[in-house]
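Data block below; observations after.
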Amino acid sequence: MTKVIDFYFDFISPYSYLAYRKLENLNKENKINIIYKPILLGGLHKLGEITAPAFNKRKMKNMKNDCELIAKKNNIEFKWNIKFPINSLYLMRGYLVLEKEFKSKFFDICFDAYWKNNIDISQDESLIQILDKAEVEKENFFKLINDQKIKDQLKKLTNQAFEKDIFGAPTFIVNNKIFWGQDRLEYALDEYNS
């Protein structure tokens, strides 16, 4: 059986971005089998009755400083987005509707737009620019992200994550073991390589 790292993410999560960039640096030769699992972090928090750090002044201040420290220590371009938090619903649905050949580029562009270029990616104009850059056909994209099947799929993925005891992003699952947070990526990789 081929080992995989399931990477649960939401574009709104700065720690998901930092983990993604760290993993990208470690996986330049594509030897690590990663399956990206989109979830709606706000929905996950609601299911778990969790108050996100974004809604706690002290936690928010610490999270911002922490992310900047992690980025600096790992040579990752990072800028705290002044529009944090946003509603990432369309982006997360968007990841689901894309054909495989567009997912990676879309993933990359969305994360960079929000966590490197300080763009409010919840705005339609920004999303249109992202789609243009990713060479994604816009009309079909907007039609599909409003399709009930896609809405239900994202909800189902979020519910499944909750049922697996996932409560935040990023979360990595390797060999049915949960590793929560960008600072547990190395432990997930150890499990993957064991």
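Below is a table of values for the structure above.
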{"quantity": "Members of Lys149/Lys177; Lys37/Lys57; Lys28/Lys72 lying beyond 22 Å, as alpha-carbon distances in this model show", "calculated": "Lys149/Lys177; Lys37/Lys57"}
{"quantity": "Segment 101-194: translational diffusion in µm²/s, Stokes-Einstein, Kirkwood Rh over Cα pairs, 37 °C, 0.692 mPa s", "calculated": "210"}
{"quantity": "Of all accessible heavy-atom area on the chain, the percent that carbon and sulfur account for (1.4 Å)", "calculated": "48"}
{"quantity": "Computed label-point distance, nm, for sites Gln148 and Asn33 using a 7 Å Cα→Cβ extension", "calculated": "3.7"}
{"quantity": "The chain, Cα convex hull volume normalised per residue, Å³", "calculated": "124"}
{"quantity": "Probe 1.4 Å, protein heavy atoms only - accessible area per residue of the chain in square angstrom", "calculated": "58"}
{"quantity": "For a label point 7 Å along the Cα-to-beta-carbon line of Lys164, residues of segment 20-34 with backbone N under 15 Å", "calculated": "33-34"}
{"quantity": "Within segment 18-72, trypsin sites (Lys or Arg not before Pro) in DSSP loop having at most 11 other beta-carbon neighbours inside 10 Å", "calculated": "Lys28, Lys31"}
{"quantity": "Qualifying GluC sites (Glu not before Pro) for segment 36-130 [loop in DSSP, other Cβ within 10 Å: at most 11]", "calculated": "Glu49, Glu77, Glu99"}
{"quantity": "Mean shadow area of segment 120-163, taken as a quarter of the surface of its Cα convex hull (nm²)", "calculated": "3.8"}
{"quantity": "With all protein chains modelled, accessible area of Glu24 [1.4 Å, Å²]", "calculated": "80"}
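The values are calculated or read from the model by the stated rules, or taken from the named source; none is laboratory data. If you're wondering where the values come from, they're calculated on a predicted model, not measured in any experiment. Every residue, glycine among them, receives a Cβ derived from its backbone with ideal geometry; neighbour counts consider all protein chains shown. All accessible areas refer to the heavy atoms of the entire protein, side chains included, with ligands and DNA or RNA removed. Shrake-Rupley method; radii C 1.70, N 1.55, O 1.52, S 1.80 Å.
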